[in-house]
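Before any comments, here is the structure.
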Amino acid sequence: MIRRKIKCGDIYWLEEKNAAGHQYYKKRPHLIVDSDEYISVSKMVCVVPLTSKMSNFNKYDYKIIKNFSNNLKVDSLAKLDHIYTYDKERFIHCVGRIEHTLMKKIHFNLRKHFNL
């Protein structure tokens, strides 16, 4: 199978079966937050899960409005306080992509999250 090159801002459906406590579980969309440069040299990729539960909003979250580019079924929250790292082998099918300007805002919020 030929896979598409994974890029920052892509959205992939992933499933986490070993979640505990406040971790997200079940199949859900995840946003790639690593830089393209890092992705090109690493076997692992950092993601944040997306949720449709707007009531779970906190100050680190970022709202993503559904559109034709991201292919989301509903408006979603990027949960920036739930950062996961997965092996590239788990990324089979890209379902969408967010706009570059939105990704810049998300990276800005991640820098605040880590006090960078």
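The values are calculated or read from the model by the stated rules, or taken from the named source; none is laboratory data. Quick caveat, the model's predicted, so the values are computed rather than measured. Using ideal geometry, Cβ is built from the backbone for each residue, glycine included, and neighbour counts are taken over all protein chains shown.
Among the residues of segment 1-35, count how many are of a type in the set (D, E, K, R) and modelled with pLDDT of 95 or more. Qualifying residue count for the region: 3.
Would you pick out the residues in segment 37-74 that are of a type in the set (Val, Ile, Thr), more than 18 Å from PHE91 (Cβ to Cβ) and not in a loop (DSSP other than H, G, I, E, B)? Please lay out each step first, then the result.
Looking only at segment 37-74, we keep the residues that are of a type in the set (Val, Ile, Thr), and these are 39, 41, 45, 47-48, 51, 64-65, 74.
From what's left, more than 18 Å from PHE91 (Cβ to Cβ): 51, 64-65, 74.
Passing the criteria: THR51, ILE64.
For segment 79-104, the set of residues classified as closer than 19 Å to ILE64 by Cβ and surrounded by fewer than 12 Cβ atoms within 10 Å (Cβ to Cβ) consists of HIS93, HIS100, THR101, LYS104, listed by residue number.
LYS59 satisfies every condition listed in (1) free of Cβ contacts under 8 Å to residues at least 12 places away in the same chain; (2) of a type outside the set (S, T, N, Q); (3) touching a strand residue (DSSP E or B) at 6+ places or on another chain (Cβ under 6 Å) except (3). Within segment 76-92, the set of residues being under 13 Å from ILE32 (Cβ atoms) and of a type outside the set (A, V, I, L, M, F, W, C) comprises TYR84, THR85, TYR86, LYS88, ARG90. Checking each residue of segment 83-105 against the condition of being part of a loop (DSSP other than H, G, I, E, B), in contact with a strand residue (DSSP E or B) (Cβ under 7 Å, 6 or more places away or on another chain) and without any contact (Cβ under 8 Å) to a residue 24 or more places away in the chain gives no match.
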